[in-house]
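The values are calculated or read from the model by the stated rules, or taken from the named source; none is laboratory data. Predicted, not measured: the structure shown is a model, and the values here were computed from it. FYI the Cβ positions are ideal-geometry reconstructions off the backbone, even for glycines, and counts take in every protein chain you see.
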Amino acid sequence: MADMASALRGGEGVAFLVSAGIVYEIIAAACSSPQTTEINASARAGTLMKWVHLGVAQAVLFVTIAAVIDAKHRAAIVGGGATAAVLMYAQYYHARAAGLREGGPGTETYS
């Protein structure tokens with residue numbers, strides 16, 4: 001952990017944040033927010049994790065390409081992407097589970 005401070009200085013920090021940001025953006029593009037997911041889990045549970053998995057797969061592709069292109073910042077790129085992917089996956093997994101467990105009225109209506 002002692003090297004984390006030096007890793008987050010200069011270009012390494014920027015590469016870490018960019019990599020983390022792209023994972024969040026890609027998953028957000030494939031899914032609604034974890035809050036909306038929890039509220040509407042009863043209607044969305046069947047397809048939700050499919051879209052989270054597709055979002056993570058896309059993010060892995062982009063982070064891998066960035067890591068190959070920018071060998072100097074590879075560790076920061078992979079570290080940022082992996083951290084964001086784990087955190088976002090955990091949030092959607094929790095939202096789905098909590099929404100199914102707690103039920104409650106959703107915000108969407110279907111005809």
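Scanning segment 63-111 for residues that are under 22 Å from C31 (Cβ atoms) and either modelled with pLDDT under 90 or among the aliphatic types (A, V, I, L, M) (or both) yields a total of 23. Can we say M1 is modelled with pLDDT under 90 and more than 18 Å from the chain's Cα centre (by Cα)? Against the criterion (modelled with pLDDT under 90 and more than 18 Å from the chain's Cα centre (by Cα)), M1 qualifies. Here is a check on your reading of the model: is Y92 assigned to a helix (DSSP H, G or I), under 20 Å from the mean Cα position of the chain (by Cα), hydroxyl-bearing (S, T, Y) and surrounded by fewer than 19 Cβ atoms within 10 Å (Cβ to Cβ)? When the stated conditions are applied, Y92 does not pass them.
In segment 17-54, the qualifying residues are those that are more than 16 Å from M88 (Cα to Cα) and not aliphatic (A, V, I, L, M), and the one that is farthest from the chain's Cα centre (by Cα) is S42. From the list A85, A75, A57, the one residue that fits, being in a helix (DSSP H, G or I), under 14 Å from F16 (Cα atoms) and under 17 Å from the mean Cα position of the chain (by Cα), is A85. Of the candidates V68, V18, the single residue that is aliphatic (A, V, I, L, M), crowded, with 16+ Cβ neighbours inside 10 Å and assigned to a helix (DSSP H, G or I) is V18.
Residues that are of a type in the set (V, I, T) and within 20 Å of A82 (Cβ to Cβ) were ranked within segment 37-65; the one that is surrounded by the fewest Cβ atoms within 10 Å (Cβ to Cβ) is I65.
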